[in-house]
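Just below is one structure, and these are the notes that go with it.
The values are calculated or read from the model by the stated rules, or taken from the named source; none is laboratory data. None of the values given here were measured: they were computed from a predicted structure. Here the Cβ is made from the backbone with ideal geometry for all residues, glycine too, and neighbour counts use every protein chain on show. In case anyone asks, the SASA skips ligands and DNA or RNA and just uses the protein heavy atoms, side chains included. Shrake-Rupley method; radii C 1.70, N 1.55, O 1.52, S 1.80 Å.
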Protein chains: 2
Amino acid sequence: MNGAQALLQTLADAGVEVCFTNPGTSEMHFVAALDTEPRMRAVLALFEGVATGAADGYARMAGKPAATLLHLGCGLGNGLANLHNARKGKVPVVNIVGDHATYHTRYDAQLQSDIETVARNVSPGFVRTAQSTAALGRDAADAIAAARGLPGQVATLILPADVSWGEGGQPCPPPPPPTPAAASDEAVQAAAQAIRSGEKTIVLLGGHALREGALRTAARIAAHSGAQLLAEVFPTRMERGAGLPAVERVAYLAELAGVQLAGARHLVLVDAKSPVSFFAYPGKASDLVPEGCTVHTLCSPAQDAAASLDKLAAALGATAEPPLAPARRPERPRGPLTAPKVCKAVGHLLPENAIVIDEAITSGLMLGAMTAGCPRHDLLTLTGGAIGQGLPNAVGAAIACPDRPVLALIGDGTAMYTIQALWTMAREKLHVVSVIFNNASYSVLNVELERVGADEAGSKAKSQLDLKGPVLNFAQLAQGMGVHAVRARTAEDFCQALEYALAQPGPHLIEALVPEALSGARRRVLPWLLRSLPGLPQPVARALKRRIAP
Amino acid sequence: MNGAQALLQTLADAGVEVCFTNPGTSEMHFVAALDTEPRMRAVLALFEGVATGAADGYARMAGKPAATLLHLGCGLGNGLANLHNARKGKVPVVNIVGDHATYHTRYDAQLQSDIETVARNVSPGFVRTAQSTAALGRDAADAIAAARGLPGQVATLILPADVSWGEGGQPCPPPPPPTPAAASDEAVQAAAQAIRSGEKTIVLLGGHALREGALRTAARIAAHSGAQLLAEVFPTRMERGAGLPAVERVAYLAELAGVQLAGARHLVLVDAKSPVSFFAYPGKASDLVPEGCTVHTLCSPAQDAAASLDKLAAALGATAEPPLAPARRPERPRGPLTAPKVCKAVGHLLPENAIVIDEAITSGLMLGAMTAGCPRHDLLTLTGGAIGQGLPNAVGAAIACPDRPVLALIGDGTAMYTIQALWTMAREKLHVVSVIFNNASYSVLNVELERVGADEAGSKAKSQLDLKGPVLNFAQLAQGMGVHAVRARTAEDFCQALEYALAQPGPHLIEALVPEALSGARRRVLPWLLRSLPGLPQPVARALKRRIAP
């Protein structure tokens, strides 16, 4: 048995059954060994960012890691952005990077580069270059254990070609699953005391605290105590919809997040990070915790969020059933298509048990409100801010959950980073409906240009943010990769296309031709922001207005 | 004047006049400042690998660096593969990577990552994070000096948002141009002695030694002494065609390179690296220098190759005019299209003064022979082995040389890594003709699978190397990005499409539907290899046959 065969058997024995690949010459023995391990499914991507983003999406939904197979340092570079997203989302990935044979590296051949250094950026906890065929099985088991520990992480195993092709490989038994602990009694008592204080307390849920069991417990705590729940701004995976507790997410815009957090005296973190601004802006604070607010950590991402919340609920005596989101869908939209109408149509038609992937940036801002009462679904978001995550995530999610419809809502700018994902959807015949909001603009940057205070933009600056001349035709791009695709200009067309796509197996792309949801002018952003939080209390709206109006 | 404005003025003062961009929020002040510097052209790319590959192609043809503008560590990651190619090609690039404001990094926001570490991989000689607005102009001048020194390099300047937006920027005067020295007298004498020894001597030309002046001198030396010339396997930029000395390149296949180098007792390196195998293969040597051959370095990439060759020619008294490539074109091909017929058609039709970019991997193997007698042209190749270089290189070359036709010959697998380059070609109305060889396969990997000894490939392994199910439609992909495109199935159609594309300004894509040039079966590779070196002497052919036949 050669090294590659032992590696594959070790992976499969530990339940790692899918490998997202973009191999080259140094990976050919791994590729040849695939046929010796019937439990391993190999899914080819045409670009490494698709492979790594698919591994991320797979693990979010399967609850266990997939492997990748990348070609040396350059393949890793191409996969880096989506590995970054996985790292920030604490998602387990067994990231296998082929390398030159150990004796070849000293010749500094064309593809030679320092793989370990690049890998450390996304794999701070585990980077190992396999040194011998005999030890490769153990290396793989260690990588699996590192990846699926709590918090989950990207574990990078660098695989020199001669370690892979050498004889004497020994599969290694699967490592034991992680056994995370619940919050300490002290942390539970501190959180309980804050919640009982009568002062405004926000419980910020992130990571595994956004899954059904933990969410229900958190909602019981809120109902019992009057504490307020918020979810982290970009959840790795959030269960939501009718019959589940409705939890508002911290807003992306720091101005809006400031309103959500205003007046809090206690912030209790449950598998979540203390909130900070996504970017820095001149004259604005980066730390979003209000002055005078004490931050308490109930449990870290290395602990068991559900068990920690159970302990907290017990300490508080919170047993009453909490309010749950009622079943409710928006009307079927009509007339010329706009981004909010796309969100409305999705809310109108979202099927049972869907997986929704939201990388629609500005165009998707109404999505949360429009789907709050839809049949329960999972929501995956852009955890690390490195755009180009959505389409690859959809590939992985569909492979993890072949019986569930996947709906990926993607901005036009962001879609282009990893557009090659469409081909893998076609090849693997995945039931993914990709909705591309084509507003021919990096729309969010028009807002950001203004937010950083660079208001008086000239024509060269503006041209850096527009995607016109030529306007992309995503339907043609999809067709060129074998994916059924249509363009929609009216809400009626869009609804019809979405109904068709949801009903027919296999991948579909619907290109929604829409105007920009946000203009660059602050005076137009403000009313939109106010509309975007339905039911915002008037005092909050006034505070918001004071904060962001010119 | 803010930091961004001072930076842009420093760049423009030093002749850095093009910036290939894919900006995000942290780069908005740089973007806003573009309109204050009329000498700076900003070219938007939809993916960072396009921006970095365009900067590489630009510098190869302009002889001076362009700047990039990338968005934090993830943008750098996406641009890493083509920066690797630039590094390996010793191409100057001023690589500007935006970062969070200096005070924001400690909050570990979503996009926070260790940019310097990743950058060091492609910028070992210069990575600097700007620390103050006042010093930013000096930082930029230092980066420019580092980039355009000899050898050229990728110099990475990391630009925190607050350094960019801060007031008090001071432009810095341009750094002096580099003044490389010629080879030392000792090195010249050693090389001259080797060449005069009467033993078989090969002069290996790389880097700047493949430009006209140096090539002519090298050819005089060869004509005078009987030394043999070879060019490095993947030149950064090579001038060739009718009226210039014809120099054969070292073959990619180590087996073939071994034949080219066999029997040499002296190898004289002129701005070139001692030849090594691209990859390692079980039981085969990585170092291609034959046993008993002494390697002499006439000049390193840090020295002046043309002046060094002048000194060597003077030492040898080599003054006679060398033989030059005669003007000669292949016939117009006819019948069903094949990869060699595409190369033949290119040879038949290549216009004066073209820039040819070869990333066609297996399909382009006849290109060199078919264009050897064409009107003189520049050839750019895949210097670092990180595929996805060709289309972005074409963008940059066309911007550097707006009056020259650019012909990019690209494999189907490789085209998909940076397919977004087509959109920039359309937006900038570049006269680039992209020829995609669509054989629906990672064809080179079928050869490599066999070369590494992994012969008995099963169906899963084979599926990792084929691009069928669905076959890509590159014409549709191009049309979706606004590029005129056709598919060709016959040589007649291809020639007609190429004539049309060369005659009409603006970008064109021709999708050549061809069978694989190489099959996976060794018995079919061998005859092809033999045919691929026209005029191979019979003893060499026999040696080759012994070496690679089963």
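For the protein assembly as shown, take the convex hull of the Cα atoms, compute a quarter of its surface area, and give me that in nm², please.
Quarter of the Cα hull surface area: 40.7 nm².
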Shielded residues, the stretch B:105-135 - accessible-area loss of 10 Å² or more between chain alone and all protein chains, probe 1.4 Å
B:107, B:108, B:109, B:110, B:111, B:112, B:113, B:114, B:117, B:118, B:121
Largest first and in whole Å, give the semi-axes of chain B's equivalent ellipsoid, each being the square root of 5 times a Cα gyration tensor eigenvalue.
38, 30, 22
Could you compute how much accessible surface residue B:117 exposes when probed at 1.4 Å, giving the result in Å² to the nearest 10?
30 Å²
Say a label goes 7 Å from Cα toward Cβ at residue B:335 in every copy; what distances in nm does this one have to the rest, shortest first?
6.4
Place a point 7 Å from the Cα of residue B:456 along the Cα-to-Cβ direction; which residues of the stretch A:31-53 have their backbone N under 14 Å from it?
A:32-37
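Across peptide B:457-470, how many C-beta atoms of other chains are within 10 Å of each residue C-beta, on average?
Values: counts 5, 6, 2, 11, 11, 4, 7, 14, 4, 2, 4, 1, 6, 9.
Per-residue shielding by partner chains comes out at 6.
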In 5 Å bins starting at 0, how do the alpha-carbon pair distances of the stretch B:118-173 split up by percent?
4, 23, 26, 23, 15, 8, 1
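May I ask you to derive the FRET efficiency for residue B:274 and residue A:429 from their Cβ-Cβ distance with R0 = 51 Å, giving the value to the nearest 0.05? Walk me through the numbers on the way to the answer.
Numbers: r = 49 Å, r/R0 = 0.97.
The pair residue B:274/residue A:429 has a calculated efficiency of 0.55.
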Can you find, among A:86, A:366, A:3, the residue farthest towards the positive end of the dipole of chain A? Put +1 on the C-beta of Lys and Arg, -1 on that of Asp and Glu.
A:366
Roll a 1.4 Å probe over the protein heavy atoms and report the accessible area of residue A:234 in Å², nearest 10.
50 Å²
With every protein chain kept in place and ligands, DNA and RNA left out, what is the accessible area per residue of the stretch A:3-165? Probe 1.4 Å, answer in Å².
21 Å²
On a 0 to 90° scale, report how tilted helix B:339-349 is relative to the longest principal axis of chain B, with both axes built from alpha carbons and the result rounded to the nearest 10.
80 degrees
Carbon and sulfur atoms account, in whole percent of the 1.4 Å probe accessible area of the stretch A:3-165, for 46 percent
Given B:334-342, B:68-76, the highest-first ranking by average Cβ count within 10 Å works out to B:68-76, B:334-342
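For the stretch A:227-329, state which GluC sites (Glu not before Pro) are in a DSSP loop and have at most 11 other beta carbons lying within 10 Å of their beta carbon. It would help to have the intermediate numbers written out before the result.
On the way: sites: A:232, A:239, A:248, A:255, A:291; in loops: A:232, A:248, A:291.
Here the sparse-neighbourhood loop sites are A:291.
Using the crude model of +1 on Lys and Arg Cβ and -1 on Asp and Glu Cβ, and no other charge, please compute the dipole size for the stretch A:185-233 relative to its Cα centre, in debye to 20. Before the final figure, lay out each step's value.
Working: 5 positive and 5 negative charges, 41 e Å.
Its charge dipole is roughly 200 debye.
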How large is ³J(HN,Hα) for each residue in the stretch A:292-309, as worked out from phi by the Karplus curve 6.51 cos²θ - 1.76 cosθ + 1.60 (θ = phi - 60°), to whole Hz, x for Gly and Pro?
x, 9, 8, 9, 10, 9, 5, 8, 8, x, 7, 10, 8, 5, 5, 5, 5, 5
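Please compute, for peptide B:32-39, the average count of beta-carbon atoms on other protein chains lying within 10 Å of each residue's beta-carbon. All intermediate terms of the calculation are to be shown ahead of the outcome.
Details: counts 13, 4, 8, 8, 3, 1, 1, 0.
Shielding by partners across B:32-39 averages 5.
Leaving ligands, DNA and RNA out of it, report the carbon-plus-sulfur percent of the accessible area of the stretch B:247-403 at a 1.4 Å probe. Write out the running numbers ahead of the final one.
Values: 3000 of 5370 Å².
Solvent-exposed carbon and sulfur of the stretch B:247-403 make up 56 percent of the total.
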What distance in nm lies between label points placed 7 Å from Cα along the C-beta direction at residue A:39 and residue A:193?
4.9 nm
About its Cα centre, chain B carries a charge dipole, from +1 on Lys and Arg Cβ atoms and -1 on Asp and Glu Cβ atoms, whose size in debye to the nearest 20 is 1920 debye
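Buried accessible area between A and B (1.4 Å probe, both chains summed, ligands and nucleic acids excluded), in Å² to the nearest 100? All intermediate terms of the calculation are to be shown ahead of the outcome.
Details: alone 21720 and 21720 Å², together 35290 Å².
Summing both sides, the interface buries roughly 8100 Å².
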What is the helix-to-structure angle for B:3-13, meaning the angle in degrees between its Cα long axis and the longest Cα principal axis of chain B, kept from 0 to 90 and rounded to the nearest 10?
40 degrees
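Two-decimal Rg/Rh of the stretch A:385-500 from alpha-carbon positions, Kirkwood Rh?
Details: Rg = 16.0 Å, Rh = 15.6 Å.
Here the Rg-to-Rh quotient is 1.03.
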Calculated from DSSP H runs of 4 or more alone, at -39500 (n - 2.57) each and per residue, what is the 222 nm mean residue ellipticity of chain A, nearest 500?
-11500 deg cm²/dmol
Non-local amide H neighbours of residue A:228 (under 5 Å, H modeled in plane, Pro and chain starts lacking H): which ones?
A:201, A:202, A:203
Could you tell me which of A:350, A:292, A:130 has its Cα farthest along the dipole of chain A towards the positive end, charges placed at Cβ (Lys, Arg +1; Asp, Glu -1), taken about the Cα centre?
A:292
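Per residue, how much accessible area does the stretch B:339-518 have with a 1.4 Å probe, in Å²?
Values: 4670 Å² over 180 residues.
Accessible area per residue, the stretch B:339-518: 26 Å².
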From a point 7 Å beyond the Cα of residue A:403 in the direction of its Cβ, which residues of the stretch A:486-511 have a backbone N at a distance under 20 Å?
A:502-507
Relative compactness, the stretch A:3-165, computed as alpha-carbon Rg over 2.2 N^0.38 Å:
0.90
Under-5 Å amide H pairs with residue A:172, H placed in peptide plane, nonlocal only
A:10
Could you give the distance between the Cα centres of the stretch B:1-80 and the stretch A:58-120, to the whole Å?
27 Å
Average partner chain C-beta neighbours within 10 Å, per residue of A:385-392?
4
Cα-projected label distance for residue A:314 with residue A:492, points at 7 Å along beta-carbon direction, nm:
6.0 nm
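Using the Cα centre as the reference, give the magnitude of the dipole from point charges on the C-beta atoms of the protein assembly as shown (Lys, Arg: +1; Asp, Glu: -1; all else neutral), rounded to the nearest 20 debye.
Numbers: 96 positive and 94 negative charges, 274 e Å.
Computed charge dipole of the protein assembly as shown: roughly 1320 debye.
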In terms of solvent-accessible area of protein heavy atoms at a 1.4 angstrom probe, what is the ranking of B:466, A:403, B:114, highest value first?
A:403, B:114, B:466
With point charges of +1 on the Cβ of Lys and Arg and -1 on the Cβ of Asp and Glu, referenced to the Cα centre of the stretch A:50-158, which listed residue (A:59, A:102, A:117) lies farthest in the positive direction of the dipole?
A:59
Expressed in whole Å with the largest first, what are the equivalent ellipsoid semi-axes of the stretch A:191-248 derived from the C-alpha gyration tensor as the square root of 5 times each eigenvalue?
20, 12, 9
